[in-house]
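Laboratory data are not the source of any read-out in this text; all were calculated from the coordinates shown. Bear in mind the structure is a predicted one, so any value in this text is a computation, not a measurement. Positions of Cβ are generated from backbone atoms using ideal geometry, with glycine treated the same way; all protein chains shown enter the neighbour counts.
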Ligand code: GDP
C-alpha cells in the first residue's frame, strides 16, 4: 500500500495529531482524493485563509528574503490597537520595497470621527516609527467599508511586484485576504502554495492575472498585546465588535479605575479632570479611591472585578505598575495594548499609574480622537 505523506496542495508534511499545527488533516480525509491538508481544503472550499501564526523572529527568518525581491508589502494594522499591531521591527523584511499601510477596523471608531484627521494621525505615527509608506488606507474588512480603496491602492502601487500581506494576529488579515481572494482570483484557478527552504512553513499564493501573486503570510504573534494573553472567552469581551461608546469619568486625584481585573488606572496627582475610556463595552469599569484599590483588587478580582473570572485568574500574568506623566499642554491617550485607551482630557498635566498584566505594552501617545 502506498502511503501519502505530503499534502497535494502545498507539499507540507501531513499529520493527524494537532489541529493548530501545519499539515493537519483529519484521519478520515486521508481516504479522499486529492489528499490535501485542512488548511488547503479550507482555502479551496470555504475561502478561508491561514490561521497559522508565528513569533516575530520566525517570521523574519521565513520572509527575510523579501527585502531583496520586488514586492509591495501590504501591512495591516488594527486601529483599536494601533501601536500594539504596528510591527515596528519589520524594516529588515521590507527592505526598500513600498509599504501600503492598511488601517483596519475603522468601523469601531465613533461615528463622528473625521477620516482625514485619522489619516493625518496615522501619518505622524508612521513617521515617528520611521516607517515610510506609499499610502495609507482606512477600511473595515468586516463591514466592507473602504475595500475598493484598498483594491485601488494595491493596483496603483504593485506594478509588476508580488504583493505580500502581513499583519499581527487578530488585526483582521484573514477577513481582508478572503475579500482579496474573492475579488482577484478566479476561484477555479489553482491556489499555489510554496514552501520556503529550511522551514516547514509555507505561504499561500493567490495567482493574479499577470503571473504575479498575492502572498498571505502567517499572522505574527505579539505577546505584548492583551489579546494574546487572555483566554478565548475573554478575547470576545475585550475586543469590541460595535462602534466604541466612550465612557467619561470625572476624577479627583487619588482615584482609581478598574477595567475588570485586567488593568487598573490610578490618577495620582493633578487637578480635577475628565478621562474618556475607549474600551469594549463588555468590560465593566469600576471606580474607587486609590487608597482602597489594593484591597479591592485582592478581595474582588475575578468576581466583581471581571473578566477574567475566578477560574481563569491564575493564568493572567500579575499586574505590574507603570508610572506615567502627562506633560502640560498636550492631549494624550494612555494605551493598554489590546484593551483600548484612556484619553486624558485636561491640558494641565497629571501624574498617573497604570497597572497592567506583566509584559503588556502600556504607552502614552498623541490623542487619536
Ligand atoms: P487575523 O488573525 O488577522 O487573520 O484576523 P481575523 O480576520 O481572524 O479577525 C480577527 C478578529 O477581528 C475577528 O473577530 C474578526 O471578526 C475581527 N475583525 C476583522 N476585521 C474587522 C473589522 O474590520 N472590524 C471589526 N470590528 N472587527 C474585525
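Annotations
- Neighbour counting of Cβ atoms within 10 Å sorts the residues 292, 365, 237, 225, fewest neighbours leading, into 292, 365, 237, 225.
- Cα gyration tensor, region 227-319 - rounded (a/c under 1.5), prolate or oblate: oblate
- Once Rg and the Kirkwood radius are both taken over the C-alpha atoms of region 72-139, their ratio Rg/Rh works out to 0.96.
- Percent of Cα-Cα distances greater than 14 Å, calculated over region 251-295: 46
- Each Cα pair under 8 Å and six or more residues apart adds its sequence gap; the mean of these over the residue count of the chain is a relative contact order of 15 percent.
- Bins of 10 Å, starting at 0 and running to the largest distance - Cα pair percent for the chain: 5, 22, 29, 23, 14, 6, 1, 0
- Ordering 17, 156, 83 by the number of other Cβ atoms within 10 Å of each residue's own Cβ, fewest first, gives 17, 156, 83.
- Antiparallel bridge percentage (DSSP; both residues within the chain; nearest 5): 70
- Cα-based helix-to-principal-axis angle, 290-300 vs the chain, degrees rounded to 10: 50
- Legend: ranking of residues 234, 314 from fewest to most surrounding C-beta atoms inside 10 Å; resulting order 314, 234.
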